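Shown next, in structure tokens, is the structure this report addresses.
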Amino acid sequence: MNRAVEYLLLTAVSVVIIGSLAGALLDRPVFMSYAYSGSMTPTISKGDVFFINPLSRNPSVGDIIVFNAGGTWTVHRVVGIVEDGYITKGDNNVATDQQSKKIAPVSRSQIGGRVITFNGKPLVLRGAGNYLQNNLSGRTKMLVAGLLIILGTLAFTGEGKKGIRKKKRSRAVVIKFKTLYILASVLLLVMVATSMFVSWQIFPVEYAVTSAGGTREGWYLPGEVFTQEITVKNLNFYPMFYYVSAPRPVTELSEDSFQLPGSGEKTVLVTIKSPEETSVYSTKVTVNSYLPLLPRSTTTYLHRINPIMPVLAILMEISLFLGVLYRVSGIGNEDIIKIRTKRLRQIKQEVFRI
């Protein structure tokens, strides 16, 4: 493969990975996401992964966009354009968002991007969101993240990098122990952050408010109070702290914080007072999880400020520990690995074949 093409592909992959991590930190979809409900069925079904062009924020009628309405990210189609913004509607919904939910037209600042389509149809991975959410264990997700970092490190390791020098006579790349320690530390921090982010869950509670409430399951009268269950599962083999939150019309949660052991689970009762307006609703219950590396009281306090804060505090704690360990151990610039340039080139070719 041509070297320019290799770097182009690596740059594209890096942009997607970095963008996705930034999206997790900013609590917004960047390059990809998946549908939490069936409002866009059959175009985009519940659990389908779709791809986003975050630079396209000036859609036309018929385009499918991702936008933030009332703190919730939604993927719906543009069905009209008015002076105040865009009128949107789910393909499987009877009414537009602005009519049924009494929300204002979507402004350009609320748009996160346009769903990428091919021949008029969105590019989707059917059911991939459900698989990633429910079937991959925490260990597998961490392994995948680790492999991505390792592949990226191998691909970009070469001449001219800090901590690595090339000897002309022996034609060998010499890697210092200090460099390996830094790479291992970065890998550890990425894996720790990934293990927490991939454990975050969103449970959509779907129901209809109608004058015929009670005649069918999931149909309720305006102003009626009802409860639904969600089951929070710890798919990791180690314990985690869990925090449950939900916007109105949720009025009560049976438990909003708890700790689960590895492979443990807990059922949470969600109490909802249905709105007065008749419509189909989907209320999202958010579950954030964290490694128990901080006192629970500290984690709770930071989570109340922002769900990202405990993650940052845990990463800072680990970074401090690694920094102290580095100083105490007396690691220097000793040569630890020597790889001949020819062998390094063979490793890269094998990686790219994979």
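The values are calculated or read from the model by the stated rules, or taken from the named source; none is laboratory data. Keep in mind that what you see is a predicted model, and the values were worked out from it rather than measured. Methodologically, a virtual Cβ is constructed for each residue, glycine included, from the backbone with ideal geometry; neighbour enumeration extends over all protein chains shown. Heavy atoms of the whole protein, side chains included, go into the accessibility calculation; ligands, DNA and RNA do not. Shrake-Rupley method; radii C 1.70, N 1.55, O 1.52, S 1.80 Å.
Arrange the peptides 248-254, 37-43, 215-221 so that the one whose residues have, on average, the most other Cβ atoms within 10 Å appears first.
Peptide ranking by packing, descending: 37-43, 248-254, 215-221.
On a 25 Å Cα-Cα criterion, which of the cross-link pairs LYS46/LYS89; LYS46/LYS233; LYS89/LYS233; LYS89/LYS121 come out too long?
Exceeds cut-off: LYS89/LYS233.
Counting only protein chains, not ligands or nucleic acids, how are LEU320, LEU315 ordered by accessible area (probe 1.4 Å), most first?
Largest accessible area first, the list is LEU320, LEU315.
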